[in-house]
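These notes concern the structure reproduced below.
The values are calculated or read from the model by the stated rules, or taken from the named source; none is laboratory data. Given the structure is predicted, the values throughout are model-derived calculations rather than measurements. A quick note on method: Cβ atoms are made from the backbone with ideal geometry, for glycine too, and the neighbour counts reach across all protein chains shown. Only protein heavy atoms, including side chains, enter the accessible area calculation; ligands, DNA and RNA are left aside. Shrake-Rupley method; radii C 1.70, N 1.55, O 1.52, S 1.80 Å.
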Amino acid sequence: MEFTEDLSTHRKSDQERADILANPGFGDFFTDHTAVIDWRANGEGPEGTWANARIEAYGPIAMDPAASVLHYGQEIFEGLKAYRHADGSVWTFRPHANAARLNRSALRLALPQLDEDVFVESLRRLVATDVDWVPSGDGEALYLRPFMIATEAFLGVRAAREVSYRVIASPAGNYFGGELKPVGIWVAHNYARAGRGGTGAAKCGGNYAASLIAQLEAEQHGCKQVLFLDPFNDEAVEELGGMNVFFVMKGGKLVTPRLTGTILEGVTRSSILQLAKDRGMDVQERTITLGEWREGIANGAIEEVFACGTAAVITPIGVLKNGEEHIGDPEAPAGKITMALRTELLGIQTGVLEDRHGWLEQLA
């Protein structure tokens, strides 16, 4: 698919961009351009055509007030990063895995499929246009947010026949800010992130919207993230509001909750599973309950706990707050295996370590 360009006439100056990159935060600033592709159904069925691929100036989206996304939440998104390597080139990590997950999400939300190569090309064209926005500081990257929204104006309950796919980009520092320290996690008992047969395995805004009230509750108790459980399965651990969770067991075994349809299959999650297998670790995807977490910390069977996701990469978990009960130690240092996996994953992403699985793809 060929992309046309209608470049911005109001780009940030070199000084404005430098000031932003000096302290980018996370998701606070955006580059000068966006990638866009339009889709329209060929008739009343699911078949349609992608067209009008372009790079244009970043700015507000003109949308009819009756657009389906505003009323029925028919939208999906992805998240991945572009890293500047030592030689100045820019690479991203496993973009085809993100493209495949976007299509799985699209299928669940009755949105059109996008060719994986077109997905990657949209990233390449946007990053090449805004390459000066890719930071080079320790732990920094250009966060890429592809998303798909239903733009057809109508109020009938059906799949939209007009859709827009877009990519925006934001320079990003450490997700939790400052020095990496173990974070506190709040257990949500009154709220669920997703239900069986629902959209838990899709990356759609509704899942995150449903988690926000629990996230606010977590912040009121001094926690950075919230843990969701399956109350119908012995309080089985599912995932955090925006990350998957892992347990390092005594003897080096690595355990993470198995995918049940209510848990998002994270690209970082699958990468960690592979890196752990490469190390010869016993890797298990299985049910792990809140009770096992409690008992494992108490008797030493669980030695480390960490969360992972594109934004935060790998973040150690210090304490789990379950109401008045505290499981773990908020002052405990990050675990050795946690940090070793984080160092290895970041090393591959930033080009410091060998990419033995062919996960990297050059964008600029």
Contact order normalised by residue count of the chain, Cα under 8 Å, 6+ apart, percent: 19 percent
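Rounded to the nearest whole Å², what accessible area per residue is found for segment 1-124 with the 1.4 Å probe? Intermediate values should be presented prior to the final figure.
On the way: 6360 Å² over 124 residues.
Averaged over the residues of segment 1-124, the accessible area is 51 Å².
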Under 5 Å, built H, 5+ apart or other chain: amide partners of Trp186: Gln225, Val226, Leu227, Lys321
Simple label model, 7 Å out from Cα along Cβ direction - Asp329 to Glu5, nm: 5.6 nm
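How large, in percent, is the carbon and sulfur part of the accessible surface of segment 244-298 at a probe radius of 1.4 Å? Walk me through the numbers before you get to the answer.
On the way: 890 of 2130 Å².
Its accessible area is 42 percent carbon and sulfur atoms.
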Accessible surface, segment 281-364, averaged per residue in Å² (probe 1.4 Å): 45 Å²
Cα-projected label distance for Gln274 with Lys253, points at 7 Å along beta-carbon direction, nm: 2.5 nm
Crossing angle, helix 205-220 versus the chain [Cα axis fit, 0-90 degrees, rounded to tens]: 40 degrees
Note, ³J(HN,Hα) from phi for segment 235-249, Karplus 6.51, -1.76, 1.60, rounded to Hz, x at Gly and Pro: 6, 5, 5, 10, 7, 7, x, x, 8, 7, 10, 10, 10, 9, 8
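Taking the DSSP beta bridges in the chain as the whole, what percent of them are antiparallel, to the nearest 5? Before the final figure, lay out each step's value.
Working: 58 of 72 bridges.
DSSP beta bridges in the chain are roughly 80 percent antiparallel.
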Span from the segment 289-335 Cα centroid across to the segment 178-220 one, whole angstrom: 16 Å
Where N is the number of residues in the chain, Cα Rg divided by 2.2 N^0.38 Å: 1.01
Amide H partners (placed H, <5 Å) of Gly200, local residues excluded: Gly195
All lysines inside 25 Å of Lys321 as judged from Cα atoms, apart from same-chain residues fewer than 8 positions distant: Lys181, Lys224, Lys250, Lys253, Lys336
16 Å Cα-Cα reach of Lys12 towards lysines, excluding residues that sit fewer than 8 places from it in its own chain: none
